[in-house]
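The values are calculated or read from the model by the stated rules, or taken from the named source; none is laboratory data. What you are looking at is a predicted structure, and each value in this text was computed from that prediction instead of being measured. Neighbour counts run over all protein chains shown; Cβ positions are idealised from the backbone, glycine included.
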Amino acid sequence: MTKGKIVGLEGSFAVAEAVRMANADVIAAYPITPQTHIVERLSEMVADGDLDADFICVESEHSAMSACVGASAAGARVFTCSAGQGLELMHEVLYIPSSMRLPVVAVAANRALSAPLSVWCDHSDVMALRDISWIQMFAENNQQAFDLTTCAYRIAEDKDVLFPTMVHIDGFYLSHVIEDMVLPEEEEVAGFIPDYEHPFVLDPDKPVSMGCYGPPFIYPETKKAQDVAFDNTRPKIQEIWDEFGEIFGRHYSPVESYKMDGARIALLTMGSCSETAMLAVDELREAGIDVGLIRLRLWRPFPFKELREAVKQLDLLVVLDRAISFGMGGPVCSELKSALYNKREDLKIVGFIAGLGGRDIQISEFKYMVTQAQEKVKAIERGEEVETEIIGVREGGGR
Amino acid sequence: MEKEEDLFVPRQVTTEENFAPGHRACIGCGEALAVRYVCKALGKNVIIVTATGCIEIFSSLLPQTSWQMAWIHTLFENVAAVMSGIESAYKVRVRKGKIPDKNVKFVGFGGDGATTDIGIQALSGAMERGHDFLYVCYDNEAYMNTGIQRSSSTPYGAWTTTAPVGKKSSIGQVTWKKNMPEIAVAHNIPYVATASPSYPLDLMAKVKRGAEMDGPAYIHILSVCPTGWRSPTDITIELGRLAVETGVFPLYEVIDGEYNLSVDLPDLKPVTEYLKKQGRFKHLNDDTIATIQTRVEEDYVKLREKAGVK
Amino acid sequence: MGGEGLGWKDLEIGFVVTEPGNASSYKTGDWRSERPIRENERCIKCGLCYIYCPEACIHEDEEGYFEADLYYCKGCGICAHECPRSVISMVEEKEE
């Protein structure tokens, strides 16, 4: 088992430590709450000489990702981080490293979207990034923020992967909260993420053209190639997580379970609220309800196989969304229904929305979701329309 | 400025062509010609970043490329930011001993839309941060690639598809051309110049100077566009020359803040000689032409003052 | 165009093009409606036609005269217009 020391670190600092130990060459970032502590810490590391990197203080998130693309195309190991509106401004550029197969690593400190302005956590920003063809994974505590960022470099840069990778950490819940965690030895991390060489680099001695124009006679072929390559990253991601587990003693997989033995009902969550959901599951189990928890660790590429395996024994899946797909319901719930369609006709899936714009999700609310979901199943069986409920939202209307 | 020496050019320029023929630029394209000169002047020890636009479209139709050197295109508005990343990556990798230092030059290409409109923020950021790069703006004075829509670099009185000449007292573009070289100068960068493909030796000398300069350099090239300017394809060079001789597009350099006129013309030709050859100005009446004449003269006087020419 | 027959498995990672300048296989000469013809007796071999060609398709021959490569020449007429000795004239292309 690995050495390392137990330290108390903020999620943002945990991410910065991972980037430092990865020995990133170029960091390009623009400050935005709640990502700021990551860039501040990295700036200090560069200023102190603890990290030999160029920190490009760009003038926008659009330029942050653009500079990462350029640096990655020139062969550098790069990092950026953003949140909410910043990811939206960056949005156009996010498609570039994935299409051009550049292993940019980014961390998103998840945040709600305007209007009204909210700097607080939800997953609206993530849900706008579903189709960018980045490998995306969720951390639920600061240890995972460190571990997954470390793994992100190894995954992104693998010659059988070469896709940009994004780690989602919930804004404030992780970015600004100090937890104790194990910080591994630098040498061990360095050994886990060796230097890499991309097959194509911008080099005057071996000139290539990157980012050529794709007319209709060839564009569909480019997208098919990208889609196949992206799908094929799944086994490699698991392989790298397994190797990480062997070295560092912490194991990750695309879909992770909690108290699923004999469960007929399961909650499904992503991100930091999973730990609250665990406490709810503990209490429900004590009350004799056969409930467990499924956490989606890997969000893209979507873990179809592992999800189907996880829900095999279930009668009811209760999905929590921290975002609204307006006019459609909860986006994660929609995707799960789509992923399980034609596979488990007898499985009922009920979605709830909670935790918008930083509103805390209580243990009692997870318990309410489980109870209420069973009522909704009855209503569905009676043929009634069941709308997606936003937990804890006030009705008002009495004025 | 060369006069006699302009003749017998093969003895003065390299025969090396770093921008391959077979590109899909329109017939008589001044921009393609400018790209040819810039690439000749740069040689192959460069990494080029190009914005979305005519150049990228006519040079990089998958699975073919006209570029003989390391080249990348990603988006419309981010050339200077991509360039920043490349330049930083190179510097850091040299510092860390991962690659040898071969004095590679970093050069960004953008049209007037990519430079003066949508990409001005990224360019301003890169100039402010002081990356060591050369940015070349190929100014054909409108969004030609999308079909001749006006940009902030479109000259006063020019017809474009979004600044049309309407039935109701419309003259086309009603704003004055944004002075992008002056905006570059305001960033206190070591090198700013204007150039024209009609003066190839001057253009290539400026590209070399700009590329050699430590820190950001900016060159603004007026690129005649027969398609968008509604001009015959064979007068591309003549129009570029007239733009200079009328004072519409003066050639100058600003080195560390010091202005130098590349061609000083005490007696400017009337602007009408330049305007009348282009379909985009054919609707202009004498009053509008007089307004343009006055403005061009005033601007030229200001420029001469900056250059210390009385 | 070139590349119409390529399948998705034929593309490089990231759709990179690895052969510099391979667009030179693309023929732009058939865009031409007029071709340049020369009367070299008056030519002073100044090379202005060479330098002003947007296609970079005019080359110096062994005798120092210049000739346009009609595989690329789009027939813009710049060379004819700029020639100080009116050596070059543009003539209409005819269907062969």
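When each of C:C53, C:C76 is tested for being facing chain B (nearest Cβ under 7 Å) and either surrounded by fewer than 23 Cβ atoms within 10 Å (Cβ to Cβ) or part of a loop (DSSP other than H, G, I, E, B) (or both), the lone residue that passes is C:C76. If you check A:A339 against the conditions, is it under 22 Å from A:A128 (Cβ atoms) and part of a loop (DSSP other than H, G, I, E, B)? For A:A339, the condition - under 22 Å from A:A128 (Cβ atoms) and part of a loop (DSSP other than H, G, I, E, B) - is not met.
Whenever a residue of the range B:1-22 is within 7 Å of another protein chain (Cβ to nearest Cβ) and at pLDDT 95 or above, its partners that are surrounded by fewer than 18 Cβ atoms within 10 Å (Cβ to Cβ) and assigned to a helix (DSSP H, G or I), lying with C-beta atoms within less than 9 angstrom and at least six residues away or across chains, give the pairs B:G22/C:S25. Of the numbered criteria (1) surrounded by fewer than 24 Cβ atoms within 10 Å (Cβ to Cβ); (2) farther than 26 Å from A:V78 by Cβ, the one B:A34 fails is (1).
Having 1 or more residues that are of a type in the set (A, V, I, L, M, F, W, C) and farther than 20 Å from B:I55 by Cα is the bar; report the helices (runs of 4 or more DSSP H) wholly within the range B:149-265 that clear it. It comes to B:180-185, B:200-212, B:236-245. Being on the phi > 0 side of the Ramachandran plot and out of contact with any Ser or Thr (no Cβ under 7 Å at 6 or more places or on another chain) is a property that holds for C:G47. If you go through the range A:45-91 one residue at a time, how many are surrounded by 24 or more Cβ atoms within 10 Å (Cβ to Cβ), facing chain B (nearest Cβ under 9 Å) and of a type in the set (S, T, Y)? Going through the range A:45-91 one residue at a time, the tally reaches 3.
Of the residues screened, C:H59 is not one that is within 11 Å of another protein chain (Cβ to nearest Cβ) and more than 12 Å from the chain's Cα centre (by Cα). Among residues that are over 20 Å from the mean Cα position of the chain (by Cα) and surrounded by 15 or more Cβ atoms within 10 Å (Cβ to Cβ), B:Q293 is included. Which of the residues that make up the range B:53-76 are within 19 Å of the chain's Cα centre (by Cα), in contact (Cβ under 8 Å) with a residue 40 or more places away in the chain and more than 7 Å from chain A (Cβ to nearest Cβ)? Once the filter is applied, which keeps residues that are within 19 Å of the chain's Cα centre (by Cα), in contact (Cβ under 8 Å) with a residue 40 or more places away in the chain and more than 7 Å from chain A (Cβ to nearest Cβ), the range B:53-76 yields B:G53, B:C54, B:I55, B:S59, B:F76.
Of A:R111, A:R20, all but one fail to be more than 9 Å from every other protein chain (Cβ to nearest Cβ) and surrounded by fewer than 22 Cβ atoms within 10 Å (Cβ to Cβ); the exception is A:R20.
Residue under question is A:V167, and the condition is that it be modelled with pLDDT of 95 or more, among the β-branched types (V, I, T) and crowded, with 24+ Cβ neighbours inside 10 Å; does it hold? So A:V167 passes the test.
Residues are listed down the side, and each one gets a yes or a no for (1) within 14 Å of chain C (Cβ to nearest Cβ); (2) part of a loop (DSSP other than H, G, I, E, B); (3) within 19 Å of A:L307 (Cβ to Cβ); (4) in contact with a His (Cβ under 8 Å, 6 or more places away or on another chain):
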position	(1), (2), (3), (4)
A:P220	yes, no, no, no
A:K223	yes, no, no, no
A:I240	no, no, no, no
A:E243	no, no, no, no
A:E246	no, no, no, no
A:R250	no, yes, no, no
A:L267	no, no, yes, no
A:S274	no, no, yes, no
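Across the range B:216-253, the number of residues qualifying as over 17 Å from B:Y156 (Cβ atoms) and away from chain C (no Cβ under 14 Å) comes to 10. Within the range B:53-83, track down each residue that is surrounded by 24 or more Cβ atoms within 10 Å (Cβ to Cβ) and of a type in the set (V, I, T). Selection gives B:I55, B:T65, B:I72, B:T74, B:V79, B:V82.
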